[in-house]
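Following: one structure in structure tokens, then a few remarks.
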Amino acid sequence: MKFELYKDKAGEWRWRLRHGNGNILATTSEGYSSKASALKCIENVKASTDAPIEEE
């Protein structure tokens, strides 16, 4: 798996998490004005890997 960081058409930074087979597993829900903010969001996601699973 890998995180991909990119600029969208509006010039905002976004990320997506891509599986080794090419499928997109997760994407950011918003664009970020700075690359640093987008990278911080990625770090927050990486740090939450032990988050509980909730069924609805």
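All of the numbers you see were taken from the coordinates with simple rules; none came from a lab. Owing to the predicted nature of the structure, the values given are computational and were not obtained by experimental measurement. Cβ atoms come from the backbone with ideal geometry, glycine included; neighbour counts cover every protein chain shown.
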field: the stretch 37-56, subset surrounded by 10 or more Cβ atoms within 10 Å (Cβ to Cβ) and not polar (S, T, N, Q), residue farthest from R14 (Cα to Cα)
entry: K46
Cross-chain or 6+ apart pairs with Cβ under 6 Å, the stretch 41-56 first and outside any loop (DSSP other than H, G, I, E, B), then surrounded by 10 or more Cβ atoms within 10 Å (Cβ to Cβ) and among the hydrophobic types (A, V, I, L, M, F, W, C): I42/F3; I42/W15
- prompt: Scanning for something loosely packed, with under 10 Cβ neighbours inside 10 Å, in a helix (DSSP H, G or I) and either of a type in the set (A, V, I, L, M, F, W, C) or in contact with a strand residue (DSSP E or B) (Cβ under 8 Å, 6 or more places away or on another chain) (or both), does the stretch 9-21 turn up at least one residue?
  reply: no
